[in-house]
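The values are calculated or read from the model by the stated rules, or taken from the named source; none is laboratory data. The shown structure was predicted, so the numbers you read here are calculated from the model rather than taken from an experiment. Cβ coordinates were reconstructed from backbone atoms using ideal geometry, including for glycine residues, and neighbour counts include every protein chain displayed. Ligands, DNA and RNA are excluded from the accessible area calculation, which covers all protein heavy atoms including side chains. Shrake-Rupley method; radii C 1.70, N 1.55, O 1.52, S 1.80 Å.
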Amino acid sequence: MAKIPVGVLGATGMVGQQYITLLDNHPWFDVKYVAASPRSAGKKYSEAVAGRWQLAKDYAANVGKITVEDANDVKCAIAAHKRKKCAFVFSALEMGKDETSALEEAYAAAGIPVISNASAHRWTPDVPVLIAEINPHHTDIIPFQRKAHGWDKGFIAVKPNCSIQSYMTPLHALVQAGYLIKKIIVTTMQAVSGAGYPGVPSLDIIDNIIPYIGVGEEEKSEKEPLKIFGSIINGVIQNAIMPKISATCNRVPVVDGHTACLSIAFGLKKPSVDEIKKVWQSFKGLPQEAKLPTAPQQPIIYREEENRPQPRKDRDADKAMAVVIGRLRPCNVLDVRFTALSHNTVRGAAGGGILNAELLKYKGYLG
Ligand code: NAP
């Protein structure tokens with residue numbers, strides 16, 4: 001199978017660099033187009049990212065030689081699309097919500113599908129917020145989205161906020177096994193790489209915890225799960241009404257890996273600790289059944305050690321695509337509590353975006 005040529009918008013950023021790294025030698029996709037802000041446009045990719053933080057791979061070969069384009073210049077992407085250099089784009093842009101929203105729509109209108117990490121379209125009712133193991137059926141909204149906009153080949157599909165990634169699949173596995181979840185109280189400890197470039201000033205974060213991530217982070221953590229657990233009704237995604245979520249989000253001095261501590265309350269049917277572990281350990285979703293290239297073999301890994309999961313030890317589990325859970329125990333206030341971890345720039349961002357693209361290709365939406 002010939003590889004599909006793809007573009008990365010925001011390719012020079014924290015998530016963009018992770019895309020370039022993860023797509024190196026990808027069996028289905030080949031990066032042929034990179035774009036970022038006008039600050040980077042016109043430079044070779046290797047020059048544009050030279051000297052930037054820890055990813056700092058040797059980009060001299062392949063993508064390193066490609067000239068960075070201005071992501072705002074949709075005409076340039078259309079020309080690349082016509083030259084068969086950019087069948088679809090991954091969007092890892094960090095700019096204003098309205099600007100991002102309009103720009104992603106312009107790409108879709110030009111017939112270039114957009115698989116996005118940005119939050120701009122997460123609340124658009126006909127845009128799916130995909131976690132491939134949980135709601136692959138939400139891709140069925142795409143024909144409605146195309147019809148509503150008069151788009152032929154283009155569409156927009158997005159990923160949720162990285163802060164919820166570590167616990168959504170475990171919660172979904174329990175709901176799927178018949179255990180309704182009514183309430184969640186969650187406290188996140190989020191890595192500095194989640195803040196993008198240039199990140200959090202070292203004088204603010206070393207020897208410190210900041211009890212605030214940014215505008216809307218806690219609201220996103222409380223609302224996005226309801227859309228992901230929602231249903232397609234009359235051409236839009238209707239949110240689920242449960243669970244009720246209270247989220248507190250903190251920035252901690254960890255480079256990569258968001259950790260979350262949860263207490264949850266079930267409906268009338270309450271599983272035992274052992275039953276929950278069995279559900280998690282046996283869970284497989286469509287990406288595993290379809291053997292999508294970036295899918296983790298075991299999407300939920302349970303660690304029995306009393307001091308796991310830990311970011312340094314567990315964030316890279318199964319290509320950094322698995323979520324790692326531990327410390328499951330009864331809760332004195334709700335029913336059970338546990339700790340969950342996932343790699344924020346891989347599973348929570350670029351790796352999750354690539355898995356979504358693989359899902360969309362598998363479902364026939366990417367040619
Ligand atoms: P970042 O490191 O700040 O990178 C932002 C990218 O956007 C860079 O390539 C930058 O180009 C480009 N850009 C900025 N302003 C632009 C403009 N006016 N026009 C065109 N391009 C522009 O941010 P990030 O952490 O990679 O995040 C990217 C997106 O993913 C954001 O929407 C973020 O919310 C989301 N996300 C991030 C994470 C994470 O863990 N970091 C997780 C999930 C989702 P230059 O380099 O040329 O400035």
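Per-structure values
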{"read-out": "Accessible area, probe 1.4 Å, largest first, for residues HIS81, HIS343", "value": "HIS81, HIS343"}
{"read-out": "Accessible-area composition of the chain, carbon plus sulfur, in percent [1.4 Å probe]", "value": "52"}
{"read-out": "GluC sites (Glu not before Pro) within the range 221-325: DSSP coil, no more than 11 neighbouring Cβ in 10 Å", "value": "GLU304, GLU305, GLU306"}
{"read-out": "Residue-wise HN-Hα coupling along the range 244-253, computed from phi with Karplus coefficients 6.51, -1.76, 1.60 (Hz; x: Gly, Pro)", "value": "7, 10, 10, 10, 10, 10, 10, 9, 10, x"}
{"read-out": "C-alpha long axis of helix 97-109 to longest principal axis of the chain, angle in °", "value": "60"}
{"read-out": "Degrees, to the nearest 10: 351-362 long Cα axis against longest axis of the chain", "value": "80"}
{"read-out": "Karplus (6.51, -1.76, 1.60) ³J(HN,Hα), θ = phi - 60°, over the range 260-275, in Hz, Gly and Pro reported as x", "value": "9, 10, 10, 10, 10, 10, 8, x, 5, 8, 10, x, 7, 4, 5, 5"}
{"read-out": "Choice from ALA191, ALA317, ALA177 showing the highest fluctuation, given a GNM over the chain with Cα pairs closer than 10 Å", "value": "ALA177"}
{"read-out": "Amide H contacts of GLY257 (H built 1.01 Å from N, under 5 Å, at least 5 apart or other chain)", "value": "ALA191, ASN344, THR345"}
{"read-out": "Computed FRET value (nearest 0.05) for LYS278 with ILE78, which takes r as the C-beta separation and R₀ as 45 Å", "value": "0.30"}
{"read-out": "CD proxy at 222 nm, helix term only [per DSSP H run n ≥ 4: -39500 (n - 2.57); per residue of the chain; nearest 500]", "value": "-8000 deg cm²/dmol"}
{"read-out": "5 angstrom amide H check on ILE4, placed H, neighbours 5+ away", "value": "PHE29, ASP30"}
{"read-out": "List ILE4, ILE141, ordered by accessible area with a 1.4 Å probe, largest first", "value": "ILE4, ILE141"}
{"read-out": "Surface accessible to a 1.4 Å probe, SER119 within the full protein complex, Å²", "value": "40"}
{"read-out": "Per-residue HN-Hα couplings for the range 183-200 [Karplus 6.51, -1.76, 1.60; θ = phi - 60°; Hz; x = Gly/Pro]", "value": "9, 9, 10, 10, 10, 9, 10, 9, 5, 5, 5, x, 8, x, 8, x, x, 8"}
{"read-out": "Prolate/oblate/rounded call for the range 164-343, Cα gyration tensor, a/c under 1.5 rounded", "value": "rounded"}
{"read-out": "Aspartates and glutamates with Cα under 17 Å of LYS223, excluding same-chain neighbours fewer than 8 positions away", "value": "ASP126"}
{"read-out": "Prolate/oblate/rounded label for the range 6-124 (Cα gyration tensor, a/c 1.5)", "value": "prolate"}
{"read-out": "Counted charge near GLU218, where neighbours are those whose Cβ lies closer than 15 Å (Asp, Glu -1; Lys, Arg +1)", "value": "+1"}
{"read-out": "Positive-end residue of GLY351, ALA290, ILE241, charge dipole of the chain with Cβ unit charges", "value": "ALA290"}
{"read-out": "By average C-beta atoms within 10 angstrom, highest first, the peptides 9-15, 231-237, 215-221, 294-300", "value": "9-15, 294-300, 215-221, 231-237"}
{"read-out": "Loop sites in the range 1-107: chymotrypsin sites (Phe, Trp or Tyr not before Pro), DSSP, at most 14 other Cβ within 10 Å", "value": "TRP53"}
{"read-out": "Theoretical gain in end-to-end length, TRP123 to ALA102 [0.36 nm per residue, Cα-Cα removed]", "value": "6.2 nm"}
